[in-house]
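Undergrad: Below: one structure in structure tokens.
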Amino acid sequence: MYELKRKADQLKKEMEAEVFDVESGDVRVRINGVQKILKLEYPDGTDPDRVKEVINKAFEQSQKEMAKKMQGMMGGLGGLSDLLKG
């Protein structure tokens, strides 16, 4: 269990350091791998739906990347990943 906690802590640190930049036109968002918005830029009068769309794209990117990293971490734990699949 200690090894699992250590790897989870390591993964969290890596994801906090990972940055995702997404832009569409003049809307830009930067988030980290734990899905905290680090920067959000858009001009006055921008359609709020466009802003939400760009933020959601950034979240999707970070979720996909985190899932890949989690799979890699689980692969290194032998049969534990099989137990978690059900």
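Undergrad: How big is the C-alpha Rg of the stretch 24-72 next to the rule-of-thumb value 2.2 N^0.38 Å, as a ratio?
TA: 1.27
Undergrad: I've got another one for you. For Ile37, Ile55, Ile31, what's the fewest-to-most ordering of other Cβ within 10 Å of each Cβ?
TA: If I rank by nearby Cβ atoms, fewest first, I get Ile37, Ile55, Ile31.
Undergrad: Can you sort Lys64, Lys7 by how many other beta carbons sit within 10 Å, fewest first?
TA: In order of increasing Cβ crowding within 10 Å: Lys64, Lys7.
Undergrad: Length gain on complete extension for the stretch Leu4 to Gln71, per 0.36 nm per residue less the alpha carbon to alpha carbon distance?
TA: Length gained between Leu4 and Gln71: 22.8 nm.
Undergrad: List residues of the stretch 1-25, by number, whose backbone nitrogen lies under 15 Å from a label position 7 Å along Cα→C-beta of Glu41.
TA: Once the point is set 7 Å along Cα→Cβ of Glu41, 20-25 turn out to lie under 15 Å by backbone N, inside the stretch 1-25.
Undergrad: Which pairs in the list Lys7/Lys39; Lys13/Lys39; Lys39/Lys64 are over 26 Å apart, alpha-carbon to alpha-carbon?
TA: Details: Lys7/Lys39 28 Å; Lys13/Lys39 19 Å; Lys39/Lys64 20 Å.
The pairs that break the limit, which is 26 Å between Cα atoms, are Lys7/Lys39.
We did not get these values from a lab; they are worked out from the coordinates using the rules stated. Since the structure is predicted, the reported quantities are computational estimates derived from the model, not experimental observations. A quick note on method: Cβ atoms are made from the backbone with ideal geometry, for glycine too, and the neighbour counts reach across all protein chains shown.
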